[in-house]
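Here's the structure we're looking at; comments come further down.
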Amino acid sequence: MNLAGLGCKAMIAGFWGEDSERHELAAFLEKAGIDTAGVVTTARPTISKTRIVGRQQQLLRLDIESREKPSAEEIQFLRERVEQLVGKVHAVVLSDYAKGVLSREICEAAIRAAREHHIPVLVDPKTRDFGLYSGATVVCPNLKELSEATGVPAHETEELLAAGEAQRKEHELTYLALTMSEKGIRILSEQGDFHSPARAREVFDVSGAGDTVIATMAACLAAGLTMENAVELANLAAGIVVGKVGTVPIAAHELVGLLTPSSGIASGDKILDRDRLLRRIEEWRSAGQKIVFTNGCFDLLHVGHITLLEDCHKFGSKLVLGLNADASVSRLKGPTRPIVSENERARVMAALASVDAVTLFEEDTPLELIRLVKPDVLVKGGDYSIDTVVGHEEVIAAGGVVEIVPTVEGFSTTNIVKKLVGDAQTK
């Protein structure tokens, strides 16, 4: 899911059962555009995890699984599928949970095929025997995993790093990437070591952070970036996901937002269709952010519009702007409007720092859009009362609030048009 969120075409290989959990998982992966051709169906149940969370902190995890090992026939089926898939990709990730998928046979076959195709192999290890991953490009243990593999206590950092370097050389690994929680990531290689400090601003849930790190590194190496750049981006990605509650994957626009802090998210990435808008809102909500919604035609942007949007943003964390499409504007304002087309208006609105998302709607009112967005705060500018604002009933019923902000006197698109026409006639 992290790879898909970063815009990669992801393929998954492994085992699942013939049960309801398998069908639920398959539907989830299909919706995300993840290819499941490499997954083999077995008689064992699909592994599922239940996390017990209190006050936004994980307290306990329950795993539902079978300890029975895959049969030789199932391993053979999986090995054949893995070898076929490796020739179609630009990087391979071996994500070891010690649940029976990554046997020595599967690891050796995957690494051998990847080396033949000159593509990187990244490993998230679980076993103490790193020899299982011999020849991989990079193995990414955390402090506990490297300590167990080397026998060196995790708090003895320098001794642990030396032992890790010995493991890297012994098993012919190009890199060893040690994730050190709040201390960041340390890379060991033939050229020496490299340290990338952690970038988390506030930690709510570390579940899945390791997956985010290795997925981001894989995407970067597949795209031809250096290991140093890959690690820096992986650290940024991890800092984003640990600030959310639950196992939430990274999204490309979040990384772009951190890399372009002056505008938050690149303006072109703020213009969203309904599906992308709802996914982004889900990400924002998972991070505890309050969603504000307003709407309008915004034909010929003026200071009144700017003030309204700045006021709207003060009511929450993220402002979603519903923008009337051209046909909607024409029905509301007359056949000579809009003056500026919907695509141009969307681009202009997305460039404003106060706006976090722009989406077009064809209807006369934004009621259907409000029902989908379910904003925490619905804002309308002008001489309205709450009971005359479209969508107020839906928002209040869902526990939200409606706010009315005054408009700036003397500024309107109609007045600007009249002035322009009057000036033209005078000339």
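Here are a few things to note about the model shown:
- Comparison of 278, 258 shows that the only residue that is among the aliphatic types (A, V, I, L, M), open to solvent by 50 Å² or more (accessible area, probe 1.4 Å) and at pLDDT below 85 is 258.
- Pairing residues of the stretch 88-107 that are in contact (Cβ under 8 Å) with a residue 60 or more places away in the chain with residues that are of a type in the set (Phe, Trp, Tyr), at Cβ distances under 7 Å and at least 6 apart in sequence or on separate chains, gives 101/15.
- The one condition in (1) hydrophobic (A, V, I, L, M, F, W, C); (2) farther than 29 Å from residue 399 by Cα; (3) part of a helix (DSSP H, G or I) that residue 308 fails to fulfil: (2)
- The single condition among (1) in contact (Cβ under 8 Å) with a residue 40 or more places away in the chain; (2) more than 21 Å from residue 221 (Cβ to Cβ); (3) hydroxyl-bearing (Ser, Thr, Tyr) that residue 175 does not satisfy is (2).
- Extreme residue, nearest to residue 304 (Cα to Cα), among residues of the stretch 352-390 that are open to solvent by 50 Å² or more (accessible area, probe 1.4 Å) and touching a strand residue (DSSP E or B) at 6+ places or on another chain (Cβ under 6 Å): 384
- With respect to (1) open to solvent by 20 Å² or more (accessible area, probe 1.4 Å); (2) modelled with pLDDT under 95; (3) more than 28 Å from residue 60 (Cα to Cα), the lone exception for residue 196 is condition (1).
- In the stretch 321-363, the residues that are within 12 Å of residue 298 (Cβ to Cβ) and in a strand (DSSP E or B): 321, 322, 323, 324, 358, 360
- Residue in the stretch 281-322 that is nearest to residue 353 (Cα to Cα), counting only those that are acidic (Asp, Glu) and either open to solvent by less than 20 Å² (accessible area, probe 1.4 Å) or in contact with an Asp or Glu (Cβ under 9 Å, 6 or more places away or on another chain) (or both): 311
- Scanning the stretch 323-351 for residues that are open to solvent by 80 Å² or more (accessible area, probe 1.4 Å) and under 25 Å from the mean Cα position of the chain (by Cα) yields one hit, 347.
The values are calculated or read from the model by the stated rules, or taken from the named source; none is laboratory data. Source: prediction; values computed, not measured. All Cβ positions, glycine included, derive from the backbone under ideal geometry; neighbour counts span all protein chains shown. When the accessible area is computed, the model is the full protein with side chains, heavy atoms only, and any ligands, DNA or RNA have been set aside. Shrake-Rupley method; radii C 1.70, N 1.55, O 1.52, S 1.80 Å.
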